[in-house]
């Protein structure tokens with residue numbers, strides 16, 4: 001059985017404190033960390049920058065992954081990104097990416113990971129931890145936390161999470177609904193994901209084995 005990784009990417013983002021060239025280098029580090037930890041994995045890079053990425057960067061990236069989706073070609077994603085609607089834009093990109101994966105009909109894929117581009121799998125990540133029979137038909141997220149918006153709300157981090165391959169159709173439709181849910185509620189992807197997912201299929205962990213530089217602040221986050 002094989003593992004598939006979706007790397008969500010916005011290399012050319014005007015809302016980041018990190019410069020284009022550094023974001024590109026970090027995206028390559030993301031891919032390398034996946035290849036090092038799960039050598040036989042399938043990698044889908046979903047690039048959804050609101051502004052064009054230099055072609056030479058895309059030409060090199062395509063040699064490093066199995067599939068490169070230029071979701072930034074979608075006018076709706078571009079418009080959402082330029083309007084500062086990052087969560088709906090990411091949900092739309094994930095919807096397109098999962099729909100693409102569903103239509104590939106890949107054989108022998110057991111689990112699909114979504115990781116944020118520019119992050120790296122750490123020594124705490126072990127793919128063997130995901131072979132437990134109890135994870136069949138389930139999502140795995142970092143443990144939920146209480147929201148800062150209201151004591152009645154909770155959220156899950158979405159820098160890294162995974163789903164059983166059998167959940168791809170369900171998650172595709174969830175991401176399709178997520179776009180309007182984010183726009184309608186004004187809440188981010190982390191809140192809306194927790195609200196819309198089937199929590200009977202949710203497994204939670206304290207440590208996911210991932211580190212990422214936060215785009216808006218430059219701080220390093222360990223998950």
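The values are calculated or read from the model by the stated rules, or taken from the named source; none is laboratory data. Here the structure is a predicted model, which is why all the values come from computation and not from measurement. Note that we place each Cβ from the backbone using ideal geometry, even for glycine, and neighbour counts take in every protein chain shown.
Find the residue count for segment 89-143, including only residues that are assigned to a loop (DSSP other than H, G, I, E, B), touching a strand residue (DSSP E or B) at 6+ places or on another chain (Cβ under 7 Å), modelled with pLDDT of 95 or more and farther than 30 Å from residue 50 by Cα.
Residues in segment 89-143 being assigned to a loop (DSSP other than H, G, I, E, B), touching a strand residue (DSSP E or B) at 6+ places or on another chain (Cβ under 7 Å), modelled with pLDDT of 95 or more and farther than 30 Å from residue 50 by Cα: 5 in total.
Test residue 145 against the stated conditions and say whether it is farther than 24 Å from residue 183 by Cα and either in contact with a helix residue (DSSP H, G or I) (Cβ under 8 Å, 6 or more places away or on another chain) or free of Cβ contacts under 8 Å to residues at least 24 places away in the same chain (or both).
No, not satisfied.
Please work out which one of (1) outside any loop (DSSP other than H, G, I, E, B); (2) more than 29 Å from residue 22 (Cβ to Cβ); (3) without any contact (Cβ under 8 Å) to a residue 60 or more places away in the chain is the condition residue 171 fails and give its number.
(3)
Please determine whether any residue of segment 149-166 is assigned to a helix (DSSP H, G or I) and surrounded by fewer than 19 Cβ atoms within 10 Å (Cβ to Cβ). Explain how you work it out, then say what you get.
Filtering segment 149-166 for residues assigned to a helix (DSSP H, G or I) gives 165-166.
Among the residues that remain, those that are also surrounded by fewer than 19 Cβ atoms within 10 Å (Cβ to Cβ) are: 166.
Yes, segment 149-166 has at least one match.
Checking residue 204 against (1) in contact (Cβ under 8 Å) with a residue 12 or more places away in the chain; (2) in a helix (DSSP H, G or I), only one condition comes out false. Which one?
(2)
Would you mind finding the one in 4, 45 that is touching a residue at least 24 places away in the same chain (Cβ under 8 Å), farther than 26 Å from residue 218 by Cα and surrounded by 16 or more Cβ atoms within 10 Å (Cβ to Cβ)?
4
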